[in-house]
Each structure stands twice: as structure tokens, then as C-alpha cells.
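Notes for the one structure printed next.
The values are calculated or read from the model by the stated rules, or taken from the named source; none is laboratory data. Treat the numbers as computed from the prediction; the structure is a model and nothing was measured. Note that each Cβ is placed from the backbone with ideal geometry, even for glycine, and that neighbours are counted across all protein chains shown. Only protein heavy atoms, including side chains, enter the accessible area calculation; ligands, DNA and RNA are left aside. Shrake-Rupley method; radii C 1.70, N 1.55, O 1.52, S 1.80 Å.
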Amino acid sequence: KPVATATSVMLLIERGTLKLSDRVAEHIPEFAQNGKETVTIEDLLLHQSGLTPDNALDDYLAGPAKAIENVNTLSLREQPKTKFMYSDVGFIVLAELIKKKTGQDVHQFSQENLFRPLGMTETGYLPAQELRERSAATEQRDGHWMVGEVHDPRAYHLGGIAGHAGLFSTAQDLAVFAQTLLNRGEYGGKRIVAPETLDVMTASHEVSSGIR
């Protein structure tokens, strides 16, 4: 969520493609169904959109396109900006925003704009066979151990590329990403986001459970 999806969204905000205050329905009109028309991009990033943490797994079994249709038809559990609820669904929607505005899924966009510029060659969705062989096993699905395959069932049914899950990396690559944040958006002579964007990303926000 934070490394690929949120950073990609913030880069689009830096470029002026999106604004934190934009209503999601301005960019994805179908999302406005069932009372979601006022949910903003900032609400999704702060997990205070009112969306459910997870919708039914059955909603994902007919393939990615139908799964997104099902997300767009969800109703809110709470009014936006009133309650912090950590939501996978919100970050699935953020990945759809990336796709809508760039024509690239979160994998393609993050590779091109974040990970390759930083030399993070072992970070991404759907790892190649060489990286799969070095991946830690997680749990079993259909009688076999998942190795280099996303264990989150919704991300799995979304094809392994999703806004909330599916990103693989190594400690070395994540150390590069963390140092980039500490360097205010730059590492090894490559800048991925402006210092001002980092300030927005790391600012404190009061939500119902405290500071986010």
C-alpha cells in the first residue's frame, strides 16, 4: 500500500494529474454509486473513506473487471471523514485511479517511475522465476505452498497486481526506498518525488483513532 500505491498516487498529485481534494467519482464516475460521491482521494489514503475493510471474496471470483464493478457498487459503512477503518478496498480503488489517469496499472507505473529509477531491481508484482525461487513461502493454497505468489486472496483473483497487496521486494531494495524517504525524495542522484511532496506524505492527520 505505501511503497507502490500511495507513492504513485502522490507522484500523480505532484504532477497535477490528481488533487488530494478530488472526489474519486470525478475520475471514476461509476464509483459514485450508493452514496460514495463525496469520497475524496485523501479519504482513501487516510483510510477514512467509510469503505468496508474488505468486501466478500465472492466479489472477486469472476475476474478483475467484474471485481472492480463490484467494488464500485459497494455502499459505505460509515460517513466519509468520520471513522478510521483500515481498508484494502480503498487501496484497490486508488490503483484503479492510477490506471484511469495513466493507462498503466500500478505495477507498470511504479516500475517506470519509482523502482527502476532507484535501481530497485528486485521489487515488483508478479516476480520472475529467479526471484520466485528466492521468495519466502507464506501459506498453502489448493494444497501447495505459495512461493513468490501473492497470498492475499483478493489480490490473487485480481491477477496478482492490486493496490492493496501483491508487491514483492527484498530488505536491500526496501532499504533503498527508506533511504530515499530520509533523503526527502532522492537517492543516488535520482529524484522520484519533490521534498514538498514528502512533507505532505509524512504530515500528521487527526482521525477518529488518533494521529495518522
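So which of Thr82, Thr17 is surrounded by 14 or more Cβ atoms within 10 Å (Cβ to Cβ), in a loop (DSSP other than H, G, I, E, B) and in contact (Cβ under 8 Å) with a residue 24 or more places away in the chain?
Thr17
Look at the stretch 27-36 and say how many of its residues are closer than 17 Å to Lys81 by Cβ and either open to solvent by 80 Å² or more (accessible area, probe 1.4 Å) or in contact with a Cys (Cβ under 7 Å, 6 or more places away or on another chain) (or both).
0
Would you tally the residues in the stretch 168-204 being closer than 26 Å to Ala155 by Cβ, of a type outside the set (Val, Ile, Thr), open to solvent by 30 Å² or more (accessible area, probe 1.4 Å) and touching a residue at least 24 places away in the same chain (Cβ under 8 Å)?
Total meeting the criteria: 5.
Could you list all residues from the stretch 168-185 that are within 29 Å of Val93 (Cβ to Cβ) and not in a strand (DSSP E or B)?
Within the stretch 168-185, Ser169, Thr170, Asp173, Leu174, Val176, Phe177, Ala178, Thr180, Leu181, Arg184, Gly185 meet the criteria.
Just to be sure, is Asp88 under 18 Å from the mean Cα position of the chain (by Cα), acidic (Asp, Glu) and open to solvent by less than 30 Å² (accessible area, probe 1.4 Å)?
The answer is yes for Asp88.
Any residue at all in the stretch 57-77 that is under 30 Å from Gly189 (Cβ atoms) and open to solvent by less than 70 Å² (accessible area, probe 1.4 Å)?
No, the stretch 57-77 contains no residue that is under 30 Å from Gly189 (Cβ atoms) and open to solvent by less than 70 Å² (accessible area, probe 1.4 Å).
Checking the condition under 15 Å from the mean Cα position of the chain (by Cα), of a type outside the set (A, V, I, L, M, F, W, C) and closer than 20 Å to Glu206 by Cβ, which residue from Glu42, Glu78 passes?
Glu42
Would you confirm whether any residue within the stretch 90-111 is over 30 Å from Gly210 (Cα atoms), modelled with pLDDT of 95 or more and of a type in the set (A, V, I, L, M, F, W, C)?
Looking for residues that are over 30 Å from Gly210 (Cα atoms), modelled with pLDDT of 95 or more and of a type in the set (A, V, I, L, M, F, W, C), one finds at least one in the stretch 90-111, hence yes.
List the residue pairs whose Cβ atoms are under 6 Å apart, where the first residue sits in the stretch 32-52 and is touching a residue at least 12 places away in the same chain (Cβ under 8 Å) and assigned to a strand (DSSP E or B), the second is among the polar types (S, T, N, Q) and surrounded by fewer than 22 Cβ atoms within 10 Å (Cβ to Cβ), and the two are 6 or more positions apart or on different chains.
Partner pairs satisfying both residue conditions: Thr40/Ser21.
Which ones in the stretch 122-167 are of a type in the set (D, E, K, R), without any contact (Cβ under 8 Å) to a residue 40 or more places away in the chain, open to solvent by less than 60 Å² (accessible area, probe 1.4 Å) and not in a loop (DSSP other than H, G, I, E, B)?
Answer for the stretch 122-167, where residues must be of a type in the set (D, E, K, R), without any contact (Cβ under 8 Å) to a residue 40 or more places away in the chain, open to solvent by less than 60 Å² (accessible area, probe 1.4 Å) and not in a loop (DSSP other than H, G, I, E, B): just Arg141.
Going residue by residue through the stretch 107-122, is there one that turns out to be of a type outside the set (A, V, I, L, M) and farther than 23 Å from Arg15 by Cβ?
yes
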